[in-house]
1. How many percent of all Cα-Cα pairs in the stretch 57-192 sit more than 20 Å apart?
2. List the aspartates and glutamates whose Cα lies under 18 Å from the Cα of Lys51, skipping any in the same chain that are fewer than 8 positions away.
3. Ranked highest first by the average count of other Cβ atoms within 10 Å around their residues, in what order do 186-192, 171-177 fall?
4. On each of the three principal axes of the Cα atoms of the stretch 131-205, give max minus min coordinate, whole Å, ordered largest first.
5. If packing is taken as the mean number of other Cβ atoms within 10 Å per residue, what is the order of 60-70, 91-101, highest first?
Amino acid sequence: MNDKSKPKTFSRRNFLKGIGSGVVGSYMVVPGLSNISKKIIEETENEGNGKERLALKVNGKKVSVLVEPRTTLIEVLRDRLKLTGTKLVCNQGECGGCTVLLDGKAVYSCHLLALDAAGKEVTTIEGLLTGEKLHPIQEAFVEHDGLQCGFCTPGQIMAAQALLLKNSKPTREEVLDGMSGNICRCAAYPNIIKSVIAAAENINS
Ligand code: FES
Ligand code: FES
């Protein structure tokens, strides 16, 4: 039997691996993301009309945009920079779905005014990739099925990254504590915890 005539077999695991790779990694291929990786984003119109200039770094690139004082960080990331990997879920600072790193610490980007990020470094899920290569935490989430619908996953992965940046060898209890600000409506918690522990082991091996 040649390869073409072999019946294709599909397993839940293979299916989830395919879905998972997309959820944890494909945010990098939307146009805005490749743009931000190639150039400094700078709006040249003048300040005024209630807008103020916000200069910060996002995923290692300098960004300069005009924002209203009420604009939240997630609005800048998603609406202005087209970094749509960060998800807006509750929009009330309760679920962690919008988690990004601000100077290496996890913050809820729906709950932070963009101007409060002035001069700081923001890392989003897109910033974890090296080219098209997944970060070890992203790989671990795929490998250990750390997601179901995947909507909370970018926030979970960024919370995990914040945890591992400050504690590269967390105990299970420390992982539970470090991930406690991120809710998963699908209750994928056992595999999320497994993924974070596996990622830490891989990073340290
Ligand atoms: S969307 Fe920001 S905490 Fe829920
Ligand atoms: S995987 Fe569905 S909300 Fe977490």
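No lab work stands behind these numbers, since they all come straight from the coordinates. Quick caveat: nothing in here was measured; it's all calculated off a predicted structure. Heads up, the Cβs are rebuilt from the backbone with ideal geometry, glycines too, and the neighbour counts pull from every protein chain shown.
1. 42 percent
2. Reachable aspartates and glutamates: Glu42, Glu43, Glu68, Glu75, Asp79, Asp116.
3. 186-192, 171-177
4. 31, 30, 17
5. 91-101, 60-70
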